[in-house]
Amino acid sequence: MTPRLIKTINPFPRLLLSYEARETIVRETWTSASVETGGILIGRIEAPFILHIISASGPGPNAKQTPTYFLRDTNWCAEFLQQQYERSGADYLGDWHSHVRGIASDELSSGDFMTLLKNVHDPDYADLPGFAKILVVRGSGRRRSTPQNDRTQPDVNLKGFIATREFIVELPIEVAAQSNEENSELPLPKS
C-alpha cells in the first residue's frame, strides 16, 4: 500500500521539538548554506502519534552534500544515536534535511517521498507508529527576532511530517519556548 498525503486525521498527530533540537537544525542549515544538509531525529513516542523529538544530529563528516542532494554519514549518525540512547533512552524517530532556497521547492520532493516510503516499509522500523520528517526551507537569509527572547534567529521555516504505511500528513511543529538543559519536556495534550 502506498501512503497518501492527507490534510487531516483524527486524532491529529503531534510533532514536538525541543528547543535544543531546533537550534541544532537551524545552525546546521545555515552552516551549509549552499548545499542540502540534514541528520537524524531522536526522541520518544509519548502517545500514539505524538512524537517528541529531543535531539537532532548534524550530517556527519562523511556526508554527501550538493545543492540538490543530501546523504547523511550513516556510521557517524549511528554513533550519535547510540550515545543519545545510552544517555537518555531516546531512540531514532526520523530525519530532517534542508532544501536550498531557489533551487529546491519548499515542499517534499519526489526523492523525499521515496525516502519516506522506504522508511515506513523497512522492517527495522516496524514498531514505530509513525516516521517523523522535518523539511527545512531557508528564508531570505535575514535574521528575525523571536517572541520568546530578544535574540535574532536565522530565517528558516520548519515543515513537519509524520508518515505511516497508510498516510503522510503535514503538521505544525510545536517547539519548546526556551532552553531547559535538565528537562526538555513539552506539555502533552490534556485528556
request  = Sticking with the crude label model, points 7 Å out along Cα→Cβ, report the distance from Glu174 to Arg44 in nm, one decimal please.
outcome  = 1.5
query = In sequence order, what are the phi-derived ³J(HN,Hα) couplings for the stretch 34-49 according to the Karplus relation 6.51 cos²θ - 1.76 cosθ + 1.60 with θ = phi - 60°, rounded to whole Hz, with x for glycine and proline?
reply = 9, 9, 5, 9, x, x, 9, 10, 10, x, 9, 8, 7, 6, x, 6
remark   = Length gained if Glu86 through Glu23 is fully extended, taking 0.36 nm per residue and subtracting the Cα-Cα distance, is 20.5 nm
inquiry  = Taking the alpha-carbon distance from Lys118 and a cut-off under 17 Å, which aspartates and glutamates remain once sequence neighbours fewer than 8 residues away in the same chain are dropped?
reply    = Asp95, Asp127, Glu166
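Every number in this text was worked out from the coordinates using simple rules, so none of it is lab data. Every value quoted in this text rests on a predicted model; they were computed, and no experiment measured them. Here the Cβ is made from the backbone with ideal geometry for all residues, glycine too, and neighbour counts use every protein chain on show.
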